[in-house]
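Enquirer: Can you keep this structure in mind? I'll have questions shortly.
The values are calculated or read from the model by the stated rules, or taken from the named source; none is laboratory data. The structure presented is a predicted model; accordingly, all values stated were derived computationally and were not measured. Because the Cβ atoms are built from the backbone with ideal geometry, glycine has one as well, and the counts that use them run over all protein chains shown.
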Amino acid sequence: MIYSVSGVLTYVEPTFAVIECGGVGFKCLTTSNTLKKLPSIGEKVKLYTYLNVREDALDLYGFFDDKELQCFKMLISVSGVGPKNALSVLSEMTPEKFALYVASGDSRAIQKAQGIGAKTAQRIVLELKDKVSGEQAALGFTETEIPASASGNIEEAISALMVLGYSRSEAASAASKSDASLPVEEIIKQSLRLLAK
């Protein structure tokens, strides 16, 4: 498995970039978010990669950071979601926003990605909701225990806030000020307003 490629950026298209390593140009299919972060042609770059093996092709997918790669792997683990759909989702949103949408059950936000219908978006949320909190460490976010006393909605909101980079104490402090009977999305919104002050 090719974990990453480092070399000179030689060519860019709207859906891929070519990186030359040791005289070989690697075509890396990628997201618009990664393409925006790439340096100018002729400069050095490193992409984290995923090699997709099919009967008729070997496709290399490249990502600017490890968080995006981990989200890509989670997405293609969902039944009916292929690499093309995963790239579409991650072109529409950052890994942090994707994790927040999944944790808060916001399938409509995921549906904004090109080629993702309502059923697919709901399946992504359903299959990845439990995984997102479990994968936070792999995504590079802080993973800590949630107090057992926290209600289900407060607990979900705290998880989503930690995915956004807030510490457990910041997230718990803000979320605990909300009414536990409110929907998760509303608790997150109220918490973010408090944390922004």
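Enquirer: Please give the helices (runs of 4 or more DSSP H) falling wholly within the stretch 22-117 in which 1 or more residues are over 22 Å from residue 5 (Cβ atoms).
Expert: Values: elements: 32-37, 66-76, 83-92, 95-103, 107-111.
The qualifying helices (runs of 4 or more DSSP H) are 83-92, 95-103, 107-111.
Enquirer: Something else now. Among all residue pairs at least 6 apart or on different chains, which show Cβ distances below 8 Å where the first residue, located in the stretch 21-32, is in the same structural domain as residue 45 (by TED's automatic domain parsing) and touching a residue at least 40 places away in the same chain (Cβ under 8 Å) and the second is crowded, with 18+ Cβ neighbours inside 10 Å and of a type in the set (A, V, I, L, M)?
Expert: Listed by first residue and then by second, the contacts come to 29/60; 29/87; 30/17; 30/47; 30/87; 31/87; 31/90.
Enquirer: Can you work out which of the residues in the stretch 11-21 that are part of a loop (DSSP other than H, G, I, E, B) and not β-branched (Val, Ile, Thr) is farthest from residue 90 (Cα to Cα)? Give the derivation first.
Expert: If we filter the stretch 11-21 for residues that are part of a loop (DSSP other than H, G, I, E, B), which is where we start, we get 13-15.
Right, trim to not β-branched (Val, Ile, Thr) and you get 13-14.
On the way: 13: 17, 14: 14 Å.
For the stretch 11-21, the residue satisfying everything is 13.
Enquirer: Restricting attention to helices (runs of 4 or more DSSP H) lying wholly within the stretch 118-197, give those where 2 or more residues are at pLDDT 80 or above, of a type outside the set (Gly, Ala, Ser) and loosely packed, with under 15 Cβ neighbours inside 10 Å.
Expert: Values: elements: 118-134, 152-163, 168-175, 184-196.
The qualifying helices (runs of 4 or more DSSP H) are 118-134, 184-196.
Enquirer: Can you tell me which residue among 37, 112 is basic (Lys, Arg) and either closer than 27 Å to residue 24 by Cβ or in contact with a Phe, Trp or Tyr (Cβ under 9 Å, 6 or more places away or on another chain) (or both)? Please lay out each step first, then the result.
Expert: Working: 112 fails: either closer than 27 Å to residue 24 by Cβ or in contact with a Phe, Trp or Tyr (Cβ under 9 Å, 6 or more places away or on another chain) (or both).
The unique qualifying residue is 37.
Condition check ((1) within 18 Å of residue 115 (Cα to Cα); (2) exposed (fewer than 14 other Cβ atoms within 10 Å of the Cβ)) across all residues:
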{"position": "18", "(1), (2)": "no, no"}
{"position": "27", "(1), (2)": "no, no"}
{"position": "34", "(1), (2)": "no, no"}
{"position": "39", "(1), (2)": "no, yes"}
{"position": "54", "(1), (2)": "no, yes"}
{"position": "85", "(1), (2)": "yes, no"}
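For (1) under 16 Å from residue 30 (Cβ atoms); (2) at pLDDT below 90; (3) not β-branched (Val, Ile, Thr), each residue gets a yes or a no:
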| position | (1), (2), (3) |
| --- | --- |
| 90 | yes, no, yes |
| 93 | yes, no, yes |
| 107 | no, yes, yes |
| 116 | no, no, no |
